[in-house]
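Supplied in structure tokens, the structure appears directly below.
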Amino acid sequence: MSEVIERITVEGDGITVSLLVWRRFRRPMSGLVEAILERNPGLAGLGPILPVGTVFELPVPTPRAPQLLDPIRLW
């Protein structure tokens, strides 16, 4: 299975990597900010607020199959 990559261009002021992750997925994505910084060397060196026009790659995590949990019985 190949990894899905999106190319992101910063188009506004005051944008951070974590804000872009939130706007893209609308939920917390554990470890994704770290994966973005690892995949894009030098991105962290730009500072927390990304300059307009910055282009970087966003690895899109593949959805996992839902886990089936055993029911809890109180009685």
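The values are calculated or read from the model by the stated rules, or taken from the named source; none is laboratory data. Fair warning: this is a prediction, and the values are worked out from it, not measured in the lab. Here the Cβ is made from the backbone with ideal geometry for all residues, glycine too, and neighbour counts use every protein chain on show.
Any idea which residue in the range 24-37 is surrounded by the most Cβ atoms within 10 Å (Cβ to Cβ), counting only those that are more than 11 Å from Leu58 (Cβ to Cβ) and among the charged types (D, E, K, R)?
Glu34
Those residues that are surrounded by 15 or more Cβ atoms within 10 Å (Cβ to Cβ) and either part of a loop (DSSP other than H, G, I, E, B) or among the acidic types (Asp, Glu) (or both), I need them from the range 1-23; list them, please.
Listed by number, the list holds a single entry, Val10.
For the range 46-71, name all the residues that are of a type in the set (Ser, Thr, Tyr) and surrounded by 13 or more Cβ atoms within 10 Å (Cβ to Cβ).
Kept after step one, since they are of a type in the set (Ser, Thr, Tyr), are these residues of the range 46-71: 54, 62.
Selection gives Thr54 alone.
Within the range 24-75, how many residues turn out to be of a type outside the set (Gly, Ala, Ser), over 11 Å from the mean Cα position of the chain (by Cα) and assigned to a loop (DSSP other than H, G, I, E, B)?
The number of residues fulfilling the criteria is 21.
Based on this model, can you work out whether Val17 counts as modelled with pLDDT of 90 or more and in contact with a Leu (Cβ under 8 Å, 6 or more places away or on another chain)?
Considered against the rule, which asks whether it is modelled with pLDDT of 90 or more and in contact with a Leu (Cβ under 8 Å, 6 or more places away or on another chain), Val17 comes out as yes.
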